[in-house]
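Please read the structure below before turning to the comments.
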Amino acid sequence: MNVGKIFEKNFKEAVKAAKEGQIFIYRIKDTDSSYNHTATSKYTNENLCDYFMFYEGVLYALELKTTCYSSISFETGENKTRKMIGWHQIKGLTNLTSYKGIISGFVFNFRNEEKGEEDTFFMRIEDFNKFTKESDKKSINKSDIVVYGGIPIESRKKRVNFTYNIDRMIEDIKKDFLNKKG
């Protein structure tokens, strides 16, 4: 299993353990083209995110990204340049914000494999889009995420894998959402 799938698995397990097991989480199935990225791939559907998470009347649309590098690259238009964040994901998460009761965004995970540490953040798509409009960068790093309203997700390492404080993440997202709304 690659590190991205391990991160997703650990995140999903943390969600299932949070809020006394009352959070619904669903992983959208990847298509053939998500794995092979070839011209002969049979399926071309592009998922707008990895997970839908539902709790207390709020649907969270989450795209999870993990890297061992200092930044995460993104596409800036319809042309497929094979960046870590695809234009279809940015567009899809952005379109979801037009619906009341949906919060969409990225869960960014920066791994330092040598030290066995990581930093994880939630960033609303609105804040990500503001960053892309105000910056000429083609990638986003931890400092950018913090400056543009990213919410740290508390994590701790068990023996090998990390676990995440989803209870606190949800409370922090709600607080952030209410502050920006009103």
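The values are calculated or read from the model by the stated rules, or taken from the named source; none is laboratory data. Owing to the predicted nature of the structure, the values given are computational and were not obtained by experimental measurement. In this analysis, Cβ positions are derived from the backbone assuming ideal geometry, glycine residues included, and neighbour counts consider all displayed protein chains. Accessible surface areas use protein heavy atoms only, side chains included; no ligands, DNA or RNA. Shrake-Rupley method; radii C 1.70, N 1.55, O 1.52, S 1.80 Å.
Could you report segment 45-132's accessible area per residue, 1.4 Å probe, as an integer in Å²? Working shown, then result.
Values: 4070 Å² over 88 residues.
Ligands and nucleic acids excluded, the figure is 46 Å² per residue.
Please label the shape of segment 47-112 as rounded, prolate or oblate, based on the square roots a ≥ b ≥ c of the eigenvalues of the alpha-carbon gyration tensor (a/c under 1.5 means rounded; beyond that, a/b larger than b/c means prolate, else oblate). Walk me through the numbers on the way to the answer.
Values: a/c = 3.08, a/b = 1.39, b/c = 2.21.
In terms of gyration-tensor shape, oblate.
Take peptides 108-117, 77-86, 123-132, 138-147 and line them up by average Cβ neighbours within 10 Å, highest first, as a rough protection proxy. All intermediate terms of the calculation are to be shown ahead of the outcome.
On the way: 108-117: 14.5, 77-86: 12.8, 123-132: 19.4, 138-147: 16.5.
Most protected by this proxy first, the peptides run 123-132, 138-147, 108-117, 77-86.
When the Karplus curve 6.51 cos²θ - 1.76 cosθ + 1.60 is applied with θ = phi - 60°, which whole-Hz ³J(HN,Hα) does each residue of segment 135-149 get, with x for Gly and Pro?
Per-residue couplings from phi come out as 10, 9, 6, 10, 8, 10, 10, 4, 4, 4, 4, 5, 4, 9, x Hz.
Within a Cβ distance under 9 Å of T97, other residues only, what is the Lys/Arg minus Asp/Glu net charge?
Values: positive: R124; negative: E126.
Around T97, the charge tally is 0.
Can you return the lysines within cross-link range of K133? Criterion is Cα-Cα under 25 Å, with same-chain partners fewer than 8 residues away left out.
K65, K80, K83, K91, K100, K142, K174, K175, K180, K181
Long-range amide H contacts for I85: which residues qualify at under 5 Å (H placed 1.01 Å from N, peptide plane, sequence gap of 5 or more or a different chain)?
It is S73, F74, E75, by chain and number.
Rounded to the nearest percent, how much of the accessible area of segment 50-182 (1.4 Å probe, protein heavy atoms only) is carbon and sulfur? Walk me through the numbers before you get to the answer.
Details: 3550 of 7230 Å².
Carbon and sulfur atoms account for 49 percent of the accessible area of segment 50-182.
Restricting to DSSP H runs of at least four residues, report the calculated mean residue ellipticity at 222 nm for the chain, -39500 (n - 2.57) per run over all residues, nearest 500 deg cm²/dmol. Could you put the intermediate results ahead of the total?
Details: 6 runs with 62 residues, N = 182.
Value at 222 nm, helices only, nearest 500: -10000 deg cm²/dmol.
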